[in-house]
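The values are calculated or read from the model by the stated rules, or taken from the named source; none is laboratory data. Worth saying up front: this structure is predicted, and the values here are computed from it rather than measured. For neighbour counting, all protein chains shown are included, and Cβ atoms are generated from backbone atoms with ideal geometry for every residue, glycine included. Heads up: the accessible areas ignore ligands, DNA and RNA and are worked out on the full protein's heavy atoms, side chains in. Shrake-Rupley method; radii C 1.70, N 1.55, O 1.52, S 1.80 Å.
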Amino acid sequence: MKYVDEYRDQEVAQKIAGEIRKTVTRPWVLMEVCGGQTHSIVKYGIDHLLPEEVELVHGPGCPVCVTSLEMIDKAHRIALRPDVIFCSFGDMLRVPGSEVDLLIVKSRGADIRVVYSPLDCLKIAKANPDKKVVFFGIGFETTAPANAMAVWQAKQEGIRNFYLLVSHVLVPPVMSAILQSPVNRVQAFLGPGHVCAVMGYREYEPISARYKVPIVITGFEPIDLLEGVLKTVQQLEAGRFDVENQYSRVITREGNIAAQKLINMVFEVCDRKWRGVGSIPKSGYKLQYDFRDHDAERVFEVEEIDTQESSLCISGLVLKGVKKPHECTAFGKECTPEHPLGATMVSSEGACAAYYAYRRHGIAARQSRS
Amino acid sequence: MCLAIPGKVIDFSEVDGMKMARVSFGGMVKQVCMEYTPHAVAGDYVLVHVGFALSTMNADEAERTYRLLEELGQLTELEDGSAA
């Protein structure tokens, strides 16, 4: 496929890896923010191509993983109502709430449907005027334009039986939270390419300046990731801390103005709880007052649900880049993708799940030797 | 979750007042909302996430950066060659 295959060229990948080896003179810790990047890095073994001085730690950028436990419990409560058709992206179905997941809720009789796009929910709402159709609106800024359009369009068309359960999260606040942490190890970021396709990268410039960290907005293919690492290491070695754009075939500094405009008309920034991390001020979106009739949390009166997380798992430390998945004693034992204990094992883009899919045999062999 | 895939715009239509297009992903064709990429024309590649085109691929930038990366090694090889 054009714009995909050429960015997986092994020869070019080796050349960039060679350039990184030539550039690096001392240890550096880089964090890739986005779960899609984590998945590519582990799948293609990008980290194994890097010199040992360059350590990649995996960030909190998997919205499936960081959707709070209580939001999932709210989804279950709404989905179980007999008058509701509950729609979701497929990857939310297996994410455990405090008791069960949406697949089990479905087996108990709930009408739960997987959709490709939030716009599919509007068709379902029109075809089922006697039902209330709820979409589980999770995601980072990348997904916000789609969810904003669904609500906007519902209001324009007078589709009154469509509701959004909003659990949007934002990248810049969690990057700042990581950098402010007393146990922070991260010295530079590979920035989230597709988030910036929507938002541009202006809002990363004050973070880079304030904390003196390079931020290189990076794509998702192996060559993108390697070039992102190269640009980051070049900055670190030179003592620079700028925002740079590796993913220029997709991203501009301004981002997608039309998408930002609709986001700002439909959503407003709010405090948000992150699974494994806790509450972060101004780190999410909620619906604006004008769209309150489409706000599932308000309409179905689930705002009071408050669930505490298990203290067993270390996913909070993994999400902040302090620990690696295999450093957890439960990894691959009590905690697997079938029975995840915490945030980073629940989705294929979570760091623990990616290690489980591509690395668990090597990890098990090392553990048995030690 | 933030997965977004480049696809080629085939043709446009209007559905419920929204600008839509058929987009081909290596032969698989899907309906995509084009409201956020109003300047895209048939033949352009757009980056699509959950049924929405978020960005038009910049062919010149793609070509330029790829050429630079291909040349990386050649320079290294020249340097290595002269040192030997």
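Figure legend. Inter-residue proximity from the stretch A:78-92: first residues within 19 Å of B:C2 (Cβ to Cβ) and within 14 Å of another protein chain (Cβ to nearest Cβ), second residues of a type in the set (S, T, N, Q) and part of a loop (DSSP other than H, G, I, E, B), beta-carbon distance below 8 Å, spacing 6+ or different chains. Indicated pairs: A:D91/A:S347; A:D91/A:S348.
Residues of the stretch A:239-273 that are part of a strand (DSSP E or B), touching a Ser or Thr at 6+ places or on another chain (Cβ under 9 Å) and away from every other protein chain (no Cβ under 14 Å): A:V243, A:V269, A:C270, A:D271, A:R272, A:K273. Residue by residue through the stretch A:283-299, note down the ones that are surrounded by 20 or more Cβ atoms within 10 Å (Cβ to Cβ) and part of a loop (DSSP other than H, G, I, E, B). Within the stretch A:283-299, none qualify.
Determine, yes or no, whether B:V9 is in a strand (DSSP E or B), more than 9 Å from chain A (Cβ to nearest Cβ) and open to solvent by 10 Å² or more (accessible area, probe 1.4 Å). The answer is no for B:V9.
Take the stretch A:69-97 and flag every residue that is outside any helix (DSSP H, G or I), modelled with pLDDT under 95 and of a type outside the set (F, W, Y).
Those that are outside any helix (DSSP H, G or I), modelled with pLDDT under 95 and of a type outside the set (F, W, Y): A:L93, A:R94, A:V95, A:P96, A:G97.
Only one of the listed residues (A:D5, A:D9, A:D47) is farther than 30 Å from B:K8 by Cβ and either in contact with a helix residue (DSSP H, G or I) (Cβ under 7 Å, 6 or more places away or on another chain) or within 12 Å of chain B (Cβ to nearest Cβ) (or both). That residue is A:D47. The residue of the stretch A:341-367 that is farthest from the other protein chains (Cβ to nearest Cβ), among those that are assigned to a loop (DSSP other than H, G, I, E, B) and surrounded by fewer than 24 Cβ atoms within 10 Å (Cβ to Cβ), is A:L341. Taken residue by residue, the stretch A:326-338 has at least one member that is within 21 Å of A:P182 (Cβ to Cβ), open to solvent by 40 Å² or more (accessible area, probe 1.4 Å) and at pLDDT 85 or above. Being buried (at least 24 other Cβ atoms within 10 Å of the Cβ) and without any contact (Cβ under 8 Å) to a residue 60 or more places away in the chain holds for only one residue in A:V229, A:V216, A:V195, A:V243, and it is A:V216. Of the candidates A:V100, A:V33, the single residue that is out of contact with any strand residue (DSSP E or B) (no Cβ under 8 Å at 6 or more places or on another chain) and either assigned to a strand (DSSP E or B) or open to solvent by 10 Å² or more (accessible area, probe 1.4 Å) (or both) is A:V100. For the stretch A:103-134, name all the residues that are within 12 Å of chain B (Cβ to nearest Cβ), among the charged types (D, E, K, R) and either part of a loop (DSSP other than H, G, I, E, B) or open to solvent by 90 Å² or more (accessible area, probe 1.4 Å) (or both). A:K123, A:K126, listed by residue number.
The residues on offer are A:V12, A:V66, and the sole one that is over 13 Å from A:V229 (Cα atoms) and buried (at least 22 other Cβ atoms within 10 Å of the Cβ) is A:V66.
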